[in-house]
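The values are calculated or read from the model by the stated rules, or taken from the named source; none is laboratory data. Note that this is a predicted model, so its numbers are computed, not measured. Here Cβ is always computed from backbone atoms with ideal geometry, including for glycine, and neighbour counts include all displayed protein chains. Quick note on the areas: whole protein, heavy atoms, side chains included, nothing else; ligands and nucleic acids left out. Shrake-Rupley method; radii C 1.70, N 1.55, O 1.52, S 1.80 Å.
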Amino acid sequence: MSNPFNVPDEVVQGLFGSAQDFFSAMSVLPTAPAFAQAVITEAAPQYWQTQWALWTGVLSNFSGANTQAVTSPVTRDQRFMANEWSSHAGYNLLKQSYLANAGLLEDIVGATTYDEDKKHRLRFFMRQLIDATSPTNYALTNPEAIRAAIESNGGSLRAGMTNLLGDVARGAITITDEAAFEVGHNVALSAGAVVFENDLFQLIQYSPLTTHVAKRPLLIVPPCINKFYILDLQPENSFVRFAVEQGQTVFIISWRNPDAEMAQTAWDDYLESGVMKAIEVALAITGADSVNTVGWCVGGTLLSSALAVMRAREEENVASLTLLTTMLDFTDPGDLGVFIDEQTVAQRERTIGGGGIYPGRELGFVFQMLRANDLIWPYVINNYLKGKSPAAFDLLYWNADSTNLPGPMYTWYLRNMYLENNLRVPGKLTMCGTPVDIGRIDTSAYVLATQEDHIVPWKSAWRSAQLLGGDVQFVLGASGHIAGVVNPASRNRRSYWVNGDEGGEADAWLGSAQQNPGSWWNHWITWLQQHAGGQVKARIKPGNRAHRPIEPAPGRYVKVRS
């Protein structure tokens, strides 16, 4: 295949890999007979009733009568906010026809006789089709795009084509002004130093902001599929800075962005040479008896796996465990599960399981598909149809700063967590040569889920909390996977739920839980202080004789882009 835009080969492979996953998932969807039955018995009558009302309304408009819409946009759907979609008869008809057709397709899925897993997969990909065919996504049927083209004498279309060709060349949709940010300059600003590094990660120790600190240090394990500075974007929304201001000696892992040198790196390496090594260094520098730990998303899965190994080895140097939107029980992985089946995982194992790199851009595109109407189509419309440039937004800059994964590590994670859900079974998995049991992690734990999480459904986080063997404080925060976690205490926004009935299921817990206004950060820090081990005078200089500072935070590893 020719490559007229000089797209890098690895980007092409990544994009085609995403398409391959898409069509692989589609190939195992249900077959036609069940669709036919669903159309005939349930979906079609409602559809034709809607169409009759719609066209009756059109004829009434021609006669001068006032009519009301027979369909309405999906809740929070901003696509049809332009006045023309309501005031102009042609656009109004187009909008309502599209929504009626979308409703038909959704009703067909709901009316099929397939099991819930197949329905979930079918519903997800049907939603992708519905979203992609919206009239707002095309220049000739988007009134705002047409208006912009007329007002600019075609300048918006020329600018949009330039934006499109630029994104084709880079292999991704531009979702923010990336030139507006620089890691270490206006994001990842907290002062500190890299005090250890190996081929897998750098360990950053942050400078104290109080005269005295907790005796036990706090180690943060971020996800290796993204970069750590989501927890240190700006001073006003930095979780790292908040913890330091509260008298914590904070260490954080900055994972290396894998390249060809890491093509053989396995899951066990992330445990032994990653998490467990970071715990060892943090304890050596501070001289503490134990460390408090925080893990987010797959970082929490890695951290819990490492603690299970350490517990099997009778090592007891972790005082507490905080898990932020983390899955240990993968019974319900949410929409991510539609991309994962035996065929897809086996294909990945054949291609990169024995050595190779899974491109971060490909995984980033999968995450964008989970929220296509937020992270794909608005940028198609604004960037290409209207010729606009996206605004500068630190969180979206981080979101676009993708990270690769080593093939052996990634495929092991897919099979043993998402596909086979082995971690929840005591003794089923052997890690670092040791059979593990998550239930043996008997340290106190703080488990945060978020109500609208599209990556770790909150009920999955609830089930994961039940696997732990110690005293568990389960907390449910408002909002989603990112905004629900990065919810600064200083802004006092949103709310969180605590202290529900733990004797039943997740819904029963929520029904009996106490809702509190504001950020969960303040609740968490109060809980964490119980495990501080006392106070000591803050250490002004980072590291120690054995672990001297290597370079200032945020270090080199985080600046390597995919």
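A few notes on this one:
- Inside the stretch 483-515, residues that are out of contact with any strand residue (DSSP E or B) (no Cβ under 9 Å at 6 or more places or on another chain), assigned to a loop (DSSP other than H, G, I, E, B) and either within 21 Å of Phe330 (Cβ to Cβ) or among the hydroxyl-bearing types (Ser, Thr, Tyr) (or both) make up a count of 1.
- The sole residue among Gly274, Gly300 that is assigned to a helix (DSSP H, G or I), touching a residue at least 12 places away in the same chain (Cβ under 8 Å) and closer than 20 Å to Val560 by Cα is Gly274.
- The stretch 435-470, residues that are crowded, with 16+ Cβ neighbours inside 10 Å and in a strand (DSSP E or B): Ser444, Ala445, Tyr446, Val447, Leu448, Ala449, Thr450
Rundown of residues vs (1) assigned to a helix (DSSP H, G or I); (2) open to solvent by 30 Å² or more (accessible area, probe 1.4 Å); (3) touching a Ser or Thr at 6+ places or on another chain (Cβ under 6 Å); (4) more than 21 Å from Pro408 (Cβ to Cβ), yes/no style:
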{"position": "Gln205", "(1), (2), (3), (4)": "no, no, no, yes"}
{"position": "Ile220", "(1), (2), (3), (4)": "no, no, no, yes"}
{"position": "Glu236", "(1), (2), (3), (4)": "yes, yes, no, yes"}
{"position": "Arg241", "(1), (2), (3), (4)": "yes, yes, yes, yes"}
{"position": "Thr265", "(1), (2), (3), (4)": "no, no, no, no"}
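- Consider the stretch 516-561 and keep the residues that are part of a loop (DSSP other than H, G, I, E, B), among the polar types (S, T, N, Q) and under 29 Å from Ser479 (Cα atoms). The one that is most open to solvent (accessible area, probe 1.4 Å) is Gln530.
- Pairs where the first residue, in the stretch 132-146, is charged (D, E, K, R) and the second is open to solvent by less than 40 Å² (accessible area, probe 1.4 Å) and not in a helix (DSSP H, G or I), C-beta under 7 Å, 6+ apart: Glu144/Ala82; Glu144/Lys386
- When the stretch 207-218 is filtered for residues that are buried (at least 22 other Cβ atoms within 10 Å of the Cβ) and assigned to a strand (DSSP E or B), the ones remaining, listed by number, are Val213, Ala214, Leu218.
- Val345 vs. criteria among the β-branched types (Val, Ile, Thr), under 24 Å from the mean Cα position of the chain (by Cα) and farther than 24 Å from Gly484 by Cβ: yes
- Odd one out for Glu280 among (1) over 24 Å from the mean Cα position of the chain (by Cα); (2) touching a residue at least 60 places away in the same chain (Cβ under 8 Å); (3) surrounded by fewer than 24 Cβ atoms within 10 Å (Cβ to Cβ): (2)
- Single residue of the stretch 397-429 satisfying the filter (farther than 30 Å from Gln473 by Cβ and outside any helix (DSSP H, G or I)) that is farthest from the chain's Cα centre (by Cα): Pro406
- Across the stretch 382-396, the qualifying residues are those that are touching a helix residue (DSSP H, G or I) at 6+ places or on another chain (Cβ under 6 Å) and in a helix (DSSP H, G or I), and the one among them that is most open to solvent (accessible area, probe 1.4 Å) is Tyr384.
- Test: residue in the stretch 340-363 that is among the polar types (S, T, N, Q) and not in a helix (DSSP H, G or I): no
- Residues in the stretch 284-315 that are buried (at least 24 other Cβ atoms within 10 Å of the Cβ) and on the phi > 0 side of the Ramachandran plot: Cys297 only.
- Selection within the stretch 79-118: residues that are of a type in the set (D, E, K, R) and not in a helix (DSSP H, G or I). The member of this set that is least open to solvent (accessible area, probe 1.4 Å) is Arg79.
- Residue match in the stretch 316-338 (condition: at pLDDT 95 or above, open to solvent by 10 Å² or more (accessible area, probe 1.4 Å) and in a helix (DSSP H, G or I)): no
Here's the yes/no breakdown for (1) assigned to a helix (DSSP H, G or I); (2) surrounded by fewer than 18 Cβ atoms within 10 Å (Cβ to Cβ):
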| position | (1), (2) |
| --- | --- |
| Gln128 | yes, yes |
| Ala159 | yes, no |
| Leu164 | yes, yes |
| Val168 | yes, yes |
| His185 | no, yes |
